[in-house]
1. Got a sec? Charge dipole of the range B:1-59, +1 on Cβ for Lys and Arg, -1 for Asp and Glu; which of B:CYS23, B:TRP35, B:ALA53 is way out at the positive end?
2. Straight-line reach from A:LYS70: which aspartates and glutamates have Cα under 18 Å away, leaving out those fewer than 8 places along the same chain?
3. Please list, by residue number, everything in the range A:41-60 whose backbone N is under 14 Å from a paramagnetic label point 7 Å out along Cα→Cβ of A:ALA81.
4. What's the FRET efficiency of A:GLN56 with B:GLU42 using the Cβ-Cβ distance as r and R₀ = 22 Å, to the nearest 0.05?
5. Could you put A:GLU62, A:GLU24 in order, starting from the residue whose Cβ has the fewest other Cβ atoms within 10 Å?
6. If you place +1 on the Cβ of every Lys and Arg and -1 on the Cβ of every Asp and Glu, how big does the dipole about the Cα centre of chain B come out, in debye to the nearest 20?
7. Most exposed first by the Cβ proxy, i.e. fewest other Cβ within 10 Å, how do B:PHE34, B:PHE73 rank?
8. I want the local charge near B:LEU104. Using Cβ-Cβ distances under 12 Å, sum +1 for each Lys or Arg and -1 for each Asp or Glu among the other residues.
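Read-outs: derived from the displayed coordinates by stated rules, not from any lab. Computed from a predicted structure; not experimentally measured. In this analysis, Cβ positions are derived from the backbone assuming ideal geometry, glycine residues included, and neighbour counts consider all displayed protein chains.
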Amino acid sequence: DGGITQSPKYLFRKEGQNVTLSCEQNLNHDAMYWYRQDPGQGLRLIYYSQIVNDFQKGDIAEGYSVSREKKESFPLTVTSAQKNPTAFYLCASSGSTSTDTQYFGPGTRLTVL
Amino acid sequence: GNSVTQMEGPVTLSEEAFLTINCTYTATGYPSLFWYVQYPGEGLQLLLKATKADDKGSNKGFEATYRKETTSFHLEKGSVQVSDSAVYFCALRTNAGGTSYGKLTFGQGTILTVHP
C-alpha cells in the first residue's frame, strides 16, 4: 500500500537535546511538508520541499532544520534552539503541481521532559 | 493574508442528528477549499474538497459547497454516527506559484462528539 510513514509515534527528549523525526513516502510525490499541531490550534507550516535538494521555510521555521537528499524522505530535526518543542508533528506530501491534494502521515508526538 | 475561521467547539450531538460546522475564509484569488478529519491520535485524512465556486464536495455522507459570495464552505451531514466523533479542520490553498506553492492554511479545528 502506498502511503506516508512517520516514526516514532511517541518521542521523548530532554531539554537541550536535538532530535530527528522521520518521514518517508512511497507515493512518488515531489513535494513534502512538515506541520506542527498544538492543542486547540490548526496546523502551522514549518518547512516544505518541492523537489530533492531544495526546501523552503514555512511560517514557524525557527529552531527547526530539514534535509531532502532523497525524493522519498524528508526528516525534520528539532534543535535545542526551539523554545517550546512539545507538540504533535505531521508530515505531508503532494504531487508536483500546485493543485494536488496533500496527504498526511500518522504523526509523531514529541514531549520534552 | 489568507485565513480560515471555523465555528468554535466542541460540538456534541446525539446519533442521527444533523451536523453543521461553519467555515468562512479570507483569501486572495480563487482558493481551493478542503475539509480534513482527524481521529484521536492519528494524522489528518482528506474528507472532501472543492476547487471552484459552486462546486460541492461530498464523501461518506458529508457535504460542503464552495460559496464565493459568502466566502464559506460549511460542512454538513444529515445523520451523524458515533464513529464520526473526531476533530474537523477546514483549510484553503491558493493555487499560486512561488513561495505560496501548495501551502495549506488551516482553521483551528472543531471537536465533534457524537453520543449513542
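1. In the range B:1-59, that residue is B:ALA53.
2. Hits, sequence-local ones excluded: A:GLU24, A:ASP30, A:ASP54.
3. Residues passing the 14 Å test: A:57-58, A:60.
4. For A:GLN56 and B:GLU42, the calculated efficiency is 0.25.
5. Numbers: A:GLU62 10, A:GLU24 18.
Lowest count first: A:GLU62, A:GLU24.
6. Working: 9 positive and 10 negative charges, 97 e Å.
In total the dipole reaches around 460 debye.
7. Details: B:PHE34 26, B:PHE73 29.
By the 10 Å Cβ count, ascending, the order reads B:PHE34, B:PHE73.
8. Working: positive: A:ARG44, B:LYS49, B:ARG93, B:LYS103; negative: A:ASP59, A:ASP100.
That works out to +2.
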